[in-house]
Every structure is written in C-alpha cells, then in structure tokens.
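The block underneath contains the structure these notes are about, expressed in structure tokens.
The values are calculated or read from the model by the stated rules, or taken from the named source; none is laboratory data. These numbers were taken from a predicted model, which means no experiment stands behind them. Counting neighbours? That spans all protein chains shown, and the Cβs are built from the backbone with ideal geometry, glycine included.
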Amino acid sequence: MTPLRNGRFRVLVVDDDPSVLSCYRRLLDRSGYNTLSDEDPRQVLTRTDDVLQNVDLILLDYKMPGMDGLSLLAELRKKECRARCILISAFLNDDVRQQAQLLGVDRVLEKPVDVGQLRGALTDLLPTTGYRPAS
C-alpha cells in the first residue's frame with residue numbers, strides 16, 4: 001500500500017464547460033478529494049508524466065472541442081496513466097460505450113448527471129481518504 005499525499009486521493013476533472021467544471025470541483029473538494037481540473041483536453045496532455053501517473057481517478061466529459069474524452073483517455077493510457085475513470089456524456093450510444101469499455105472506463109454516466117449517482121460511483125471507485133494499492 002502506498003500512502004497518499006495529505007491522505008487524499010487525486011482526481012483529475014476534464015470538462016470544457018467552466019460552470020460544470022466548477023460544480024465538479026466543489027463536489028470533489030467537499031468530499032475530501034485532491035482535485036485537479038482542466039477545460040481543454042489537449043492541455044491535459046502537456047502535464048508532466050509524474051502528475052498523470054499520480055492521478056487516481058479521471059472524471060471525463062465525452063464531447064469537447066478539439067478532442068473528445070475517449071481520445072484523450074487513449075492518449076493518457078499511452079502515457080501509462082492507469083487511473084480509474086468515469087466518463088460523462090449526453091451523447092451515449094453503443095459505439096461510445098464499447099470504446100469506453102476497451103479503454104478501461106469504470107463507469108459511464110449520462111448527462112444531466114445525478115449528483116447521487118456520481119457520489120455513488122466515486123465512493124465505489126475510491127474512498128475519500130486512505131491508501132491506494134502500490135503499482
């Protein structure tokens with residue numbers, strides 16, 4: 001088991017809508033997670049590998065300008081980012097779900113997101129504090 005920084009899991013949130021991003025950040029911060037966020041999926045790829053490899057969970061919007069969420073996740077997987085993932089979208093279909101499964105997405109939630117469902121998914125995938133398994 002590897003102790004976490006400040007005893008908190010790190011969650012990366014990527015959504016192109018600033019108001020949605022702010023809501024997710026508030027929810028995660030209040031729930032005890034260490035939250036990183038970005039509106040531009042291409043900017044996420046410029047983060048250092050150290051940051052990307054120390055993310056425990058990615059909360060990811062599917063439809064974003066410039067790069068969709070699953071394309072971003074595919075690039076992150078190439079960079080050895082093995083974080084758990086929750087994909088959120090208003091544009092779900094069988095192809096999106098299948099691609100999400102192939103990339104190791106743990107949960108797919110449909111917009112508009114039910115806060116209780118999101119909290120439940122977060123709790124299922126990561127406790128708010130504690131230890132994560134060593135890689």
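Below, the figures for the structure above:
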| read-out | value |
| --- | --- |
| Filter result for VAL44 (β-branched (Val, Ile, Thr), in contact with a helix residue (DSSP H, G or I) (Cβ under 7 Å, 6 or more places away or on another chain) and within 18 Å of ASP16 (Cβ to Cβ)) | yes |
| Residue check for ASP16: of a type in the set (Asp, Glu), at pLDDT 95 or above and more than 22 Å from ARG119 (Cβ to Cβ) | yes |
| Qualifying residue in region 12-32 (condition: among the aromatic types (Phe, Trp, Tyr), surrounded by 20 or more Cβ atoms within 10 Å (Cβ to Cβ), in contact with a strand residue (DSSP E or B) (Cβ under 8 Å, 6 or more places away or on another chain) and part of a loop (DSSP other than H, G, I, E, B)) | no |
| Residue within region 106-114 that is in contact with a Lys or Arg (Cβ under 6 Å, 6 or more places away or on another chain), part of a loop (DSSP other than H, G, I, E, B) and surrounded by 14 or more Cβ atoms within 10 Å (Cβ to Cβ) present | yes |
| Hits in region 66-105 - residues which are under 22 Å from ARG10 (Cα atoms) and aromatic (Phe, Trp, Tyr) | none |
| In region 47-74, the residues that are modelled with pLDDT under 95 and more than 21 Å from VAL20 (Cα to Cα) | ARG47, THR48, ASP49, ASP50, VAL51, LEU52, GLN53, ASN54 |
| Lone unmet requirement of (1) closer than 18 Å to LEU122 by Cβ; (2) crowded, with 18+ Cβ neighbours inside 10 Å for ASP68 | (1) |
| Residue pairs meeting the criteria (Cβ under 7 Å; at least 6 apart or on separate chains; first touching a residue at least 24 places away in the same chain (Cβ under 8 Å) and among the acidic types (Asp, Glu), in region 47-60; second surrounded by fewer than 19 Cβ atoms within 10 Å (Cβ to Cβ) and in a loop (DSSP other than H, G, I, E, B)) | ASP49/LYS79 |
| Selected residue [within 19 Å of LEU122 (Cα to Cα), within 15 Å of the chain's Cα centre (by Cα) and surrounded by 14 or more Cβ atoms within 10 Å (Cβ to Cβ)] from LEU45, LEU73 | LEU73 |
| Residue match in region 77-97 (condition: more than 22 Å from ASP49 (Cα to Cα), of a type in the set (Asp, Glu) and either at pLDDT 95 or above or not in a loop (DSSP other than H, G, I, E, B) (or both)) | yes |
